[in-house]
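The values are calculated or read from the model by the stated rules, or taken from the named source; none is laboratory data. Please read all numbers here as calculations on a predicted model, not as lab measurements. As a convention, Cβ positions derive from the backbone with ideal geometry for all residues, glycine included, and neighbour counts pool all protein chains shown.
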Amino acid sequence: MMQHSLFLCASLVLVIVTTSAQPSPATGPQSPLASPSGMNTVPLVPVSPNAAPSPATPKASTIDIAQILSKAKRFSVLIRLLKTTQLINQLNSQLLTSGSGGLTILSPPDSAFSKLKGGFLNSLDDRQKVELLQFHTLSSFISISNFDTLTNPVQTQAGDDPQRLQLNITTYGGSHVSMSTGAVNATITGTVYADNKLAIYEVDKVLLPLDVLLPKPNKAPAPKSSADKSGDTNKNMDDDSGVPVEASGGCMNFNSVLVKWMSFVVGVAFMGGAMI
């Protein structure tokens with residue numbers, strides 16, 4: 001009897017051990033970081049775990065826009081412009097400002113800058129370079145699916161001058177975003193970076209303000225002085241009457257003609273009277 005009880009206890013222990021040793025069902029790999037809604041490509045630079053502060057970490061994290069662009073490995077010209085104009089410091093500070101709505105940066109790659117006419121960037125002064133960069137920056141975070149909520153013309157950090165700085169955005173199907181400045185038509189080709197504060201999108205062309213292609217107004221010629229006018233009039237003498245004729249059109253000065261003929265008639269009459 002005692003042996004039978006020991007056998008039952010051993011069997012029960014074996015069943016428990018066997019059950020606990022079975023592997024649990026596979027949960028499968030976790031889904032990768034999702035790209036912004038409507039975008040077909042994943043961000044070139046993924047969001048790092050400490051990119052946005054958690055509720056338990058009240059201290060704001062530091063985001064360096066130039067560092068993000070550098071990781072994408074195709075924005076060296078844009079990075080150089082941001083640093084030489086020192087605009088990069090202002091943009092990074094805006095991201096840390098309390099109550100800031102974030103930033104959206106439309107970033108042309110090096111290939112887009114190479115399409116500009118030679119020497120274009122060098123022809124700009126510092127103020128114009130800053131304005132060009134600000135024309136690519138919106139003062140709020142815009143996800144790729146929310147561009148259709150913007151009102152045209154979209155105001156950029158360069159200002160709202162409709163004659164020079166107009167930016168009109170058109171969306172198709174929630175994922176295709178195109179824009180026009182009046183001088184350039186461009187398209188968003190992908191997402192570089194996006195969190196809840198900063199969005200950086202790649203555009204295929206440099207967004208040039210409208211006045212870049214407008215012809216410069218010609219200066220009106222200065223009025224000529226009387227001395228210049230007299231010097232410009234070349235006069236010849238008529239062979240028959242001896243009256244000055246303007247070389248420009250061959251038209252006689254009728255006042256001079258009248259005086260000459262009156263003098264001639266008076267002279268003839270005087271000579272005739274003297275002969276009588």
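Every test in (1) of a type outside the set (D, E); (2) touching a residue at least 12 places away in the same chain (Cβ under 8 Å); (3) in contact with a Ser or Thr (Cβ under 7 Å, 6 or more places away or on another chain) is passed by S178 save one, and that test is (2). Taken over the stretch 161-215, the criterion of being over 22 Å from I88 (Cα atoms), more than 17 Å from the chain's Cα centre (by Cα) and hydroxyl-bearing (S, T, Y) is satisfied by T171, Y172, S175. Within the stretch 111-130, the presence of a residue that is within 22 Å of L198 (Cα to Cα) and assigned to a loop (DSSP other than H, G, I, E, B) is excluded. Within the stretch 170-182, the set of residues being more than 12 Å from L207 (Cα to Cα) and either part of a strand (DSSP E or B) or outside the structural domain of L106 (by TED's automatic domain parsing) (or both) comprises T170, T171, Y172, H176, V177.
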